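Report on one structure; see the data block that follows.
The values are calculated or read from the model by the stated rules, or taken from the named source; none is laboratory data. This is a predicted model, so every value here is computed, not measured. All Cβ positions, even for glycine, are placed from backbone atoms using ideal geometry, and neighbour counts span all protein chains on display.
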């Protein structure tokens, strides 16, 4: 499978690398949460943290990541000793989440499609996923 480059107008210019084949075992939320092979979704038949509202609001996703000890922060910049997640939205519902790697680049699972590494959050912005609306961090494990 190839990445839908027309869905993400900044991706080609920024550069990206496909890091895994498509799979329906995990989605972007499970991937960003560091939960391989888990499809995190508020639908009743999917994995979702207990006590977090089962809806697609940005705030519910913030609460979901908070169950993993993430807290809101002001910067997407790389901070040694911390790992970060970024939440994208095109309105009040989330559309995507990405996880920062130790070198400061980002890893994303594109739905059931490929995983990719991309240098910045803006690489996926202004396309299918909208823009980054929240960044959270926790001490690196």
| field | Single residue of 26, 38 found to be in contact with a strand residue (DSSP E or B) (Cβ under 7 Å, 6 or more places away or on another chain), assigned to a loop (DSSP other than H, G, I, E, B) and in contact (Cβ under 8 Å) with a residue 60 or more places away in the chain | value | 26
| remark: residue 21: passes all of (1) closer than 23 Å to residue 2 by Cβ; (2) touching a helix residue (DSSP H, G or I) at 6+ places or on another chain (Cβ under 8 Å) but (2)
| task | For segment 77-86, indicate whether the set of residues that are under 27 Å from residue 2 (Cβ atoms) and surrounded by 15 or more Cβ atoms within 10 Å (Cβ to Cβ) is non-empty. | result | yes
| message | Looking at (1) out of contact with any helix residue (DSSP H, G or I) (no Cβ under 6 Å at 6 or more places or on another chain); (2) in contact (Cβ under 8 Å) with a residue 60 or more places away in the chain, which one does residue 97 not meet, given that it meets all the others? | response | (1)
| residue 132 touching a strand residue (DSSP E or B) at 6+ places or on another chain (Cβ under 9 Å), part of a strand (DSSP E or B) and surrounded by 15 or more Cβ atoms within 10 Å (Cβ to Cβ) | yes
| request: Scan segment 33-51 for residues that are in contact with a helix residue (DSSP H, G or I) (Cβ under 8 Å, 6 or more places away or on another chain), surrounded by 14 or more Cβ atoms within 10 Å (Cβ to Cβ) and under 18 Å from residue 101 (Cβ atoms) and jot them down. | output: 33
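Every residue in segment 65-76 that is surrounded by 13 or more Cβ atoms within 10 Å (Cβ to Cβ), touching a residue at least 40 places away in the same chain (Cβ under 8 Å) and in a loop (DSSP other than H, G, I, E, B), please. Break it down stepwise before answering.
In the first step, residues of segment 65-76 are kept if they are surrounded by 13 or more Cβ atoms within 10 Å (Cβ to Cβ); the result is 65-68, 70, 73, 76.
Now narrow it down to the ones that are touching a residue at least 40 places away in the same chain (Cβ under 8 Å): 65-66, 68, 70, 73, 76.
68, 70, 76, listed by residue number.
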| For the subset of segment 106-129 comprising residues that are in a loop (DSSP other than H, G, I, E, B), under 11 Å from the mean Cα position of the chain (by Cα) and crowded, with 16+ Cβ neighbours inside 10 Å, which member is modelled with the lowest pLDDT? | 110
| message | Need the failing condition index for residue 103 against (1) over 15 Å from residue 138 (Cβ atoms); (2) touching a strand residue (DSSP E or B) at 6+ places or on another chain (Cβ under 8 Å); (3) assigned to a loop (DSSP other than H, G, I, E, B), just the number. | response | (2)
| field | Cross-chain or 6+ apart pairs with Cβ under 6 Å, segment 102-130 first and at positive phi, then crowded, with 21+ Cβ neighbours inside 10 Å and not in a loop (DSSP other than H, G, I, E, B) | value | 130/88
| request: Would you check if there is a residue in segment 56-64 being at pLDDT below 95 and part of a loop (DSSP other than H, G, I, E, B)? | output: no
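Can you tell me which residue in segment 81-93 is nearest to residue 8 (Cα to Cα), limited to those that are over 15 Å from the mean Cα position of the chain (by Cα) and at pLDDT below 95? Even if it seems obvious, please write down each step before you answer.
Within segment 81-93, the subset over 15 Å from the mean Cα position of the chain (by Cα) is 81-82, 91-92.
Now restrict to residues that are at pLDDT below 95: 91-92.
Values: 91: 17, 92: 20 Å.
It comes out as 91.
Assess whether residue 24 counts as being under 17 Å from the mean Cα position of the chain (by Cα) and farther than 16 Å from residue 95 by Cα. Walk me through it before giving the result.
Details: under 17 Å from the mean Cα position of the chain (by Cα): yes; farther than 16 Å from residue 95 by Cα: yes.
It is true that residue 24 is under 17 Å from the mean Cα position of the chain (by Cα) and farther than 16 Å from residue 95 by Cα.
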